[in-house]
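**Student:** The structure's right below; bear with me while I get my questions together.
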Amino acid sequence: FDIKQIVKDGDWFRDNYGRYLLFRGVNFASRSKLPPYLPIAPLDVSHINQVDLQSEIDKVGQHLDNLKDLGFNVIRLLIMWKALEPVPNPHLDELLPEAKKYLEMIKVIIDELYKRRLFVILDFHQDVHS
């Protein structure tokens, strides 16, 4: 079906053929709660660059393919507020440089999920008072 033609019909979603859509999802979250606040990162690192992130995505690519093959079609992806604003931002009309870098890496992850036709629910998340 054409992803651009999903419509809301009461409590349901329908595709461009009028069929009801059922979403089956998994949570990409727990690794996201520690620096670098990304679900795809080695546990022993607190900083990651674009090249290393792509390397990690390549390593888990088969597992992402398996999600689709097992019938999953949606991912809940945490966006950690602490990564967007590690310190108070005095300029409310622009993102901090750290936030821009973080969102660029999140986009790389989302693009990988979209390649597999997996929907993404972005969960802007804050634990306690981070």
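The values are calculated or read from the model by the stated rules, or taken from the named source; none is laboratory data. Just so it is clear, the structure is predicted and the values come from calculations on it, not from any experiment. Don't worry about glycine lacking a Cβ; one is built from the backbone with ideal geometry, like all the others, and counts go over all protein chains shown. Just so you know, the surface numbers come from the protein's heavy atoms only, side chains and all, with ligands and any DNA or RNA stripped out. Shrake-Rupley method; radii C 1.70, N 1.55, O 1.52, S 1.80 Å.
**Student:** Run through segment 19-100 and list the GluC sites (Glu not before Pro) located in a DSSP loop whose Cβ has at most 14 other Cβ atoms within 10 Å. Write down the numbers at each step before the final one.
**Tutor:** Numbers: sites: GLU56, GLU94, GLU98; in loops: GLU94.
In loop regions of segment 19-100 (DSSP not H, G, I, E or B), the sparsely surrounded GluC sites (Glu not before Pro) are GLU94.
**Student:** Continuing with this model, one more query. Taking all protein chains in place and a 1.4 Å probe, what share, in percent, of the accessible surface of segment 11-130 do carbon and sulfur account for? Please report the intermediate quantities before stating the final value.
**Tutor:** On the way: 4460 of 7710 Å².
With neighbouring chains kept in place, the figure for segment 11-130 is 58 percent.
**Student:** For the chain, report the accessible area per residue in Å² (1.4 Å probe, heavy atoms, rounded to an integer).
**Tutor:** Numbers: 8570 Å² over 130 residues.
Accessible area per residue, the chain: 66 Å².
**Student:** Right, here's the next one. Which chymotrypsin sites (Phe, Trp or Tyr not before Pro) does segment 1-62 hold that lie in a coil by DSSP with at most 14 other beta carbons within 10 Å? Could you put the intermediate results ahead of the total?
**Tutor:** Values: sites: PHE1, TRP12, PHE13, TYR17, TYR20, PHE23, PHE28, TYR37; in loops: PHE1, TYR17, PHE23, TYR37.
Loop-located and lightly packed - PHE1, TYR17, PHE23.
**Student:** May I pose another question? Label GLN50 and GLU98 with points 7 Å out from Cα along Cα→Cβ: what is the distance between them in nm?
**Tutor:** Computed distance between label sites GLN50 and GLU98 equals 2.1 nm.
**Student:** Find out how many positive minus negative residues lie around GLY61, taking Lys and Arg as positive, Asp and Glu as negative, among other residues whose Cβ is under 14 Å from that of GLY61. Walk me through the intermediate numbers first.
**Tutor:** Working: positive: LYS59, LYS68, LYS115, ARG116; negative: GLU56, ASP58, ASP65, ASP69, ASP111, GLU112.
Value of the local net charge: -2.
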